[in-house]
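Notes follow once the structure below has been shown.
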Amino acid sequence: PDSLERWRDLARNGDASAAERKEALELLTIGRDEELGAIARELLDLPGLQVTAIAALRQAPGEETARAVVKVLPEMSLELRNDAINLLGARPEMALVLLEAVDAGALESSLISPVMLDQFERFDHPEIQSLVQENWVRGGAEIDLEQLAAAIDEWKERLRPKVLAKADASRGRQVYAMTCGTCHPLFGEGVALGPDLTGSNRADLHYLLENVLAPSAVVGKEYMLQIFQMKDGSTLSGMVRAETPEFITLAMPGGAEIDVRKAEVESREKVAQSLMPAGLFDALPRERVADLVKYLRSPEQVPLPEASD
C-alpha cells in the first residue's frame, strides 16, 4: 500500500509519457487501489489511456463510472466502444445510465447490440424494460421452425430484387459493424466470436434468411452462449474460450475477453442458443435491412460511406 501513492501521482501527471501513465494505472489496477475508480475516470478523456482506463473501471462499477464512460463513448473507436458497452451492461444501475443516454438522444441506439438487449432483459428491472421498449422494436422469440418457410417467403417479398437494387452496400457495411460484426468476421473485419461469414453461402438470400430468422436452430457446441451470475450482482454473457480450475476466460460480444474467477461466480448457465439473437431484422428500419443484406451478399469488400465519394 505504501507504494501506491507514487503510482497515483504518476498516473495523474500530465507531464509524464502515456506509456508511464498507462503502466502506473495498470499497477494501481493490480493493487486494487481504493482511488482507482476516480483516477481511471479522470483519464477517460485521454485516447491513449482509454483502453487501460476501461479495464480498470471494471473494479469501480456504479452510476458515477457509467456517466463518465457514456460521456466519452461516441468518441471511442468501435472496438473500445464494444468493451465499454460490455462494462456498462454488466450491472443494472450502469445499464440504466446507458439507456437513458440513448433515450435522450445523446447516443445512437445502434451502439447497443441485440445480444446486449437480451442481457438487459435478464435484470428484470422495470425502468430498463421500459426504455428498451421505448427505443427498440424487438422481434420477440425465435420463429418456430414450422413457420420458418412462411417467414422466409415474407422477407423475400420485402427484399425483392428491385428493393435490393436500390440498397446501399456501403451503408450496409456500417450496419454490419454495429450488429453482426460484433461477433462475426467478414472480409477480414469484425470479431471472431462466431463463425467467419466470408466463406459462407451468403450470396444465397434463402440461406441468409434461414440463418437470421432462426439463428438457434442449429448451434455448434463451441458457439453456445453461457451466462454467469456473479456474487457481486453483475451479469456476464459470452462464450468460454478457456478454463482452468480457478479461472474462466470469457469472450464477450465485441471481442473483449475477461478472466472470470470461479470463486466469484454465483451461478453458471449454458444456453442452447446462438449469440446471434432472434429478431435482428425486426430491430432495424426496413431500408437498413436491405442495406445489410446487400452488403452480406457482396462478393468483395466495399468502402464505407464516408470513403465512397
For log10 I(q)/I(0) by the Debye sum over Cα atoms at q = 0.07, 0.13 Å⁻¹, pick the label among (1) -0.44, -1.04; (2) -0.27, -0.97; (3) -0.30, -0.99 that corresponds to the value derived from the coordinates. (3)
Taking 0.36 nm per residue of sequence separation and subtracting the Cα-Cα distance, how much length would be gained by fully extending the chain between ALA192 and LEU148, in nm to one decimal? 13.1 nm
Can you give me the angle between helix 286-296 and the longest principal axis of the chain, using Cα atoms only, in degrees from 0 to 90, rounded to the nearest 10? 90 degrees
DSSP-assigned coil residues among trypsin sites (Lys or Arg not before Pro) in the stretch 28-114, each with at most 14 further Cβ atoms within 10 Å: ARG32
Carbon/sulfur accessible area of the stretch 29-83, % of total, 1.4 Å probe, equals 49 percent
Roughly what angle does helix 92-103 make with the longest principal axis of the chain, taking Cα atoms, 0 to 90 degrees, to the nearest 10? 60 degrees
Taking springs between alpha-carbon atoms closer than 10 angstrom, which of ALA169, ALA263, ALA177 fluctuates most in the Gaussian network model of the chain? ALA263
Per GNM of the chain with C-alpha springs under 10 angstrom, the most fluctuating residue out of GLN174, GLN147, GLN229 is GLN147
Accessible area (Å², per residue) of the stretch 1-122, counting only protein heavy atoms and a probe of 1.4 Å: 47 Å²
Binned at 5 Å from zero, the C-alpha pair distances of the stretch 24-141 give percents of 2, 12, 24, 22, 18, 10, 7, 3, 1, 0
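The values are calculated or read from the model by the stated rules, or taken from the named source; none is laboratory data. Remember, predicted model here, so these are calculated numbers, not experimental data. We place every Cβ from the backbone using ideal geometry, glycine too, and count neighbours over all the protein chains shown. All accessible areas refer to the heavy atoms of the entire protein, side chains included, with ligands and DNA or RNA removed. Shrake-Rupley method; radii C 1.70, N 1.55, O 1.52, S 1.80 Å.
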